[in-house]
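Below you'll find the structure, written out as structure tokens, and then a few comments.
The values are calculated or read from the model by the stated rules, or taken from the named source; none is laboratory data. Quick caveat: nothing in here was measured; it's all calculated off a predicted structure. Cβ atoms come from the backbone with ideal geometry, glycine included; neighbour counts cover every protein chain shown. These area figures cover heavy atoms from the full protein model, side chains too; ligands, DNA and RNA do not enter into them. Shrake-Rupley method; radii C 1.70, N 1.55, O 1.52, S 1.80 Å.
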Amino acid sequence: PGFVNLVRSILEQSNLPANCLTLEITESVMMTDTEKNVALLSQLRDHGVSIALDDFGTGYSSFTYLQKLPISILKIDKSLIDDITSSQGKTQPIIASLLHMSKLLGYRVVTEGVESPEQLQLLLQNGCEYFQGYFFSKPLPQSALQEFQQKSHLKTQAFSLPPVEPSNAADEAS
């Protein structure tokens, strides 16, 4: 409850609506004490904060947990994206299935580590809408981001997710 109260206090002090805040938790941290983390993140979600599960697919993944986690956004780790264009890999059907399943669960999906137009094209063909990676830009300081967006042909949406309303899609799916 201390962390939840801290987040609520910061939101109140900054006048930031809760649905404009997204907190990320890595898959490995989430799985260290799953029950405690689910309870904590559920409280934050109930207050309107979006939760993103980062680094999905790095070794702790479980479909059982995926349906129970109080998340709004699933961030697929770069390690799964790296060989998506390989003709010998099995990554393409895995990514396609993850994207489809995530939509059914009501999650938004961000694919991390997009570095080539071929990767982007395959992800777009499979319905992915949000991306991160060097294909778009290397990490930038905040001071350079606005200038980059003005010069870039990319939409601002490629860099941030719009606020989302708390979803209980995972609860409804069980």
ask   = Cα to Cα, under 20 Å, and not fewer than 8 places away if on the same chain: which aspartates and glutamates meet these conditions relative to Lys90?
value = Asp55, Asp77, Asp82, Glu112, Glu115, Glu118
query = Using the beta-carbon distance between Ser116 and Gln149 and R0 = 22 Å, what value does 1/(1 + (r/R0)^6) give for FRET efficiency, to the nearest 0.05?
reply = 0.50
ask   = Considering every pair of different Cα atoms, what Kirkwood radius, in Å, is found for the range 1-43?
value = 11.4
inquiry  = Accessible area of the range 49-113 with a 1.4 Å probe: how many percent of it is carbon plus sulfur?
reply    = 52
remark   = Expressed in angstrom and rounded, the centroid-to-centroid distance over alpha carbons for the range 71-85 and the range 92-158 is 10
request  = Could you compute the FRET efficiency for Gln67 and Met31, with r as their C-beta to C-beta distance and R0 at 25 Å, rounded to 0.05?
outcome  = 0.95
query = In vacuo Debye scattering of the range 21-126, one point per C-alpha: log10 I(q)/I(0) at q = 0.18, 0.22 Å⁻¹?
reply = -0.85, -1.18
query = Rounded to the nearest whole Å³, what is the per residue volume of the convex hull around the Cα atoms of the range 77-122?
reply = 66
q = 0.21 Å⁻¹: log10 I(q)/I(0) that the Debye formula gives for the range 38-83, counting C-alpha atoms only = -0.72
inquiry  = Loop only by DSSP, 15 or fewer other Cβ within 10 Å of the Cβ. Give me the trypsin sites (Lys or Arg not before Pro) in the range 1-99 that pass, ordered by residue number.
reply    = Lys90
